[in-house]
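Presented below is the structure to which this report refers.
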Amino acid sequence: MADPEPKDDFQEELVIRPLHSGDIYASFQFRTLWETDFTRGDKESHYRLFPKSLGQVISKFSVRELHISFTQGHWRTMQWGQPFLPSPPGAELWVWFQDSVTDVDGMWKELSNVLSGIFCASLNFIDSTNTVQPSASFKPLGISNVTDHRFLRYATLPREIVCTENLTPWKKLLPCGSKAGLAVLLKSEKLFHSSFHSQAVHIRPVCQDWQCKTTSWELRQALNVVFDLHTSGQGKREWTLFKMFSRTVTEACPLASSSKIYYDVILQGEQFELSPASHLLSQAVVLGDRRTFSVYDLTQQVTFGTVRSLNLLIRWKSSEGDMLRPLLHAERYVAGYGLQTGEIHTVMYNNHPYRSFPVLLLDSVPWYLRLYIHTLTVTSKGKDNKPSYIHYQPSKDRVRPHLLEMLVQLPPNSVTEVKVQFERALLKWTEYTPDPNHGFYVGSSVISSLVPSIVAMDTNSTLDRPLFSSFFPCKEESSYFVRIYTEPLLVNLPTPDFSMPYNVICLTCTVVAVGYGSLYNLLTRSFQIEEPSPGLAKRIANIIRKMRGVPPL
């Protein structure tokens, strides 16, 4: 009897893009598709490619979509352009639950604790004080009839540090682990010695065909890294796989149906030499622009040649011209002086020469920064820019943060600035971090927008396209979806002198020990009268008197 055709599929790819600064950008994407339904009552018992730990999480907690990322460093948009998959510094988690869930907050808290154990992270610190419920941002990226934002939760931990402890369980979710395929390049020693490092896991339901008669669950694991020209490249505009990862590729993952490496060989004003050269070229529409890639298919033995190893080399032949500025860019900073009040500035740039487009801004501010929402101003080109939609949820001390969402129209070739004043709260002494003088982190602002595209976008999401160009669904040919994150903020709060309690404790203990100890000694000691010992003459006299039979003196 023939074995049934497997209902799961695994693909892996690596995209390498040289940057104008001489740095190199590498983006890994691993996708596992499984034609199953986690939402039904009976649980799956047999797992082949899909990791069982995540499958059980989806089934137990009635998850519709799950997106989690761990990032070290900040993506420099003006130097590197737009990333394929954006993520904020620190840890980010946002989840859509099924509409059958009754206690969303309780399920959210339990889910964050379970994910904390799976990824060896500090997600257990996610609670109501850093969780928000957006009303317009973070729409479902997969198939979903649920648009009720009561089933959405979003949280960030901007201070989360990413290290090998997070990378190891992430690699174990892959069907081949780190033993074969592109995952052999994921050496932690090299990945964390970089300017930017981000790893993410995205789970969502997707369509199998254009009529969406059959659906599958998609697990997409992404890892983005930027290697610095001077620290990793020794100042030479020449990169190889071994130079980046200290390893080369020897084979594809045996369980992968597709395993490819893409090299972006077209860069504005610059030319490259690629060795070994590939005769297979591919074009893809990425971030509103049509790009040309050299493709290396790892499932073909001819790709490795006679040495059974692939060590790609890319060398800059010339470096001329300026980098094309991203159409949408944003930054954020804190203004003001002193430790009582301040002002948060969010600056958004529309670099399109003649098109205006709306952006959706989401700000989540901790409760200890008390916003004065009446001071909110939005200006573009020196004039007031009234938002067409505003949703504001005030904070509650030690319960929930501020939530501010706005829909703002950005004029062409303009700079739009959003300002709001705040007052710093005085925390209880037990609420300060172990290093309070370092400051307190405020999560990044999230900006979502449909940016005008230079070329026609492909709206058919079921076609066989590269993974890096098929993550965000595209509904229109004239625009593409972009989500960007600003820098996190570091804010100083009024901090007491923690050495004074230490001095008071020492002084108090000393006084208590001396005073109470002396009193206790006097009350509990027993006193006895002890006569002084007689002198030598008296002892001799007593001896003589004793010999004579006379009583001693």
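The values are calculated or read from the model by the stated rules, or taken from the named source; none is laboratory data. Remember, it's a predicted structure, so these values are computed and weren't measured experimentally. Don't worry about glycine lacking a Cβ; one is built from the backbone with ideal geometry, like all the others, and counts go over all protein chains shown. The area values use the complete protein model at the heavy-atom level, side chains included, leaving out ligands, DNA and RNA. Shrake-Rupley method; radii C 1.70, N 1.55, O 1.52, S 1.80 Å.
What is the gain in length, in nm to one decimal, between Ser282 and Val334 on full extension, counting 0.36 nm per residue of separation less the C-alpha to C-alpha distance? Display every interim value, and only then the final one.
Details: separation 52, 0.36 × 52 = 18.72 nm, distance 4.44 nm.
Value of the extension gain: 14.3 nm.
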- For Asp209 and Tyr389, compute 0.36 nm times the residue count separating them, minus their Cα-Cα distance, and round to one decimal in nm. 61.2 nm
- Item | the range 358-410-the range 148-194 distance, computed between alpha-carbon centres (Å) | 32 Å
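When the chain is fully extended, how far beyond the present Cα-Cα distance does Tyr47 get from Ser478, taking 0.36 nm per residue of separation? Mind dumping the intermediate values first?
Working: separation 431, 0.36 × 431 = 155.16 nm, distance 4.07 nm.
Computed gain between Tyr47 and Ser478 is 151.1 nm.
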- Zone of Thr508's modelled label, taken as backbone nitrogen in the range 427-456 under 15 Å from a point 7 Å along Cα→Cβ: 429-430
- Could you tell me the largest-minus-smallest coordinate of the C-alpha atoms of the range 177-297 on each of the three principal axes, in descending order and whole angstroms? 53, 33, 26
- Query: What's log10 of I(q)/I(0) for the range 418-553 at q = 0.11 Å⁻¹, Debye sum over Cα points only, no solvent?
  - Reply: -0.82
- Farthest towards the positive end of the dipole of the chain, among Thr495, Val415, Thr131 and with Cβ unit charges of +1 on Lys and Arg and -1 on Asp and Glu, lies the Cα of Thr495
- Task: Rounded to the nearest 500, what is the 222 nm mean residue ellipticity of the chain from helices alone, with -39500 (n - 2.57) per DSSP H run of 4+ residues and division by all residues?
- Result: -4500 deg cm²/dmol
- Task: For the chain, report the accessible area per residue in Å² (1.4 Å probe, heavy atoms, rounded to an integer).
- Result: 50 Å²
- Residue-wise, which Karplus ³J(HN,Hα) couplings in Hz belong to the range 177-186, taking 6.51 cos²θ - 1.76 cosθ + 1.60, θ = phi - 60°, and x for glycine or proline? x, 10, 8, 8, x, 5, 5, 5, 6, 7
- Work out the FRET efficiency for Asp228 and Arg308 from their Cβ-Cβ distance, taking R0 = 25 Å, and round it to the nearest 0.05. 0.25
- Hey, got the Cα dimensions of the range 288-348 along the principal axes, in Å, largest first? 69, 28, 24
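What is the diffusion coefficient of the range 477-539 in µm²/s, taking the Kirkwood radius over Cα pairs and the Stokes-Einstein relation at 37 °C with a viscosity of 0.692 mPa s? Present the calculation step by step, with values, prior to reporting the outcome.
Values: Rh = 20.3 Å.
Rounded, D is 162 µm²/s.
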- Diagonalise the Cα gyration tensor of the range 83-214 and give the resulting equivalent ellipsoid semi-axes, square root of 5 times each eigenvalue, largest first, whole Å. 27, 21, 14
- Ranked output for segments 423-431, 497-505 by mean other Cβ atoms within 10 Å, highest leading, reads 423-431, 497-505
- Message: Report the rotationally averaged projected area of the chain based on its alpha-carbon convex hull, in square nanometres.
- Response: 47.2 nm²
- the chain, accessible surface, carbon-and-sulfur percent (1.4 angstrom probe): 53 percent
- Task: For a quick protection proxy, order the peptides 191-198, 275-282 by their average other-Cβ count within 10 Å, most packed first.
- Result: 191-198, 275-282
- For the range 334-477, please report how many Lys pairs fall under 24 Å Cα to Cα, leaving out neighbours fewer than 8 apart on the same chain. 5
- Query: Among the listed pairs Lys52/Lys109; Lys139/Lys213; Lys60/Lys187, which are separated by more than 30 Å between their Cα atoms?
  - Reply: Lys60/Lys187
- Query: Binning every alpha carbon pair distance of the range 27-105 at 5 Å from zero, what are the percents per bin?
  - Reply: 3, 11, 19, 19, 16, 14, 10, 7, 3, 1
- Mind computing the radius of gyration and Dmax over the alpha-carbon atoms of the range 165-212? Å is fine for both. 14.6, 45
- If r is the Cβ-Cβ distance from Arg247 to His438 and R0 is 41 Å, what FRET efficiency results, to the nearest 0.05? 0.65
- Query: Could the peptides 152-162, 515-525 be put in order, highest first, of the mean number of other beta-carbon atoms found within 10 Å of their residues?
  - Reply: 152-162, 515-525
- Evaluate the distance, in nm, between pseudo-label points positioned 7 Å from the Cα of Lys381 and of His74 along their respective Cα→Cβ axes. 2.9 nm
- Would you please state which residues of the range 115-135 a label at Lys172 would reach in this model, taking the label point 7 Å out along Cα→Cβ and a backbone N cut-off of under 17 Å? 115-123
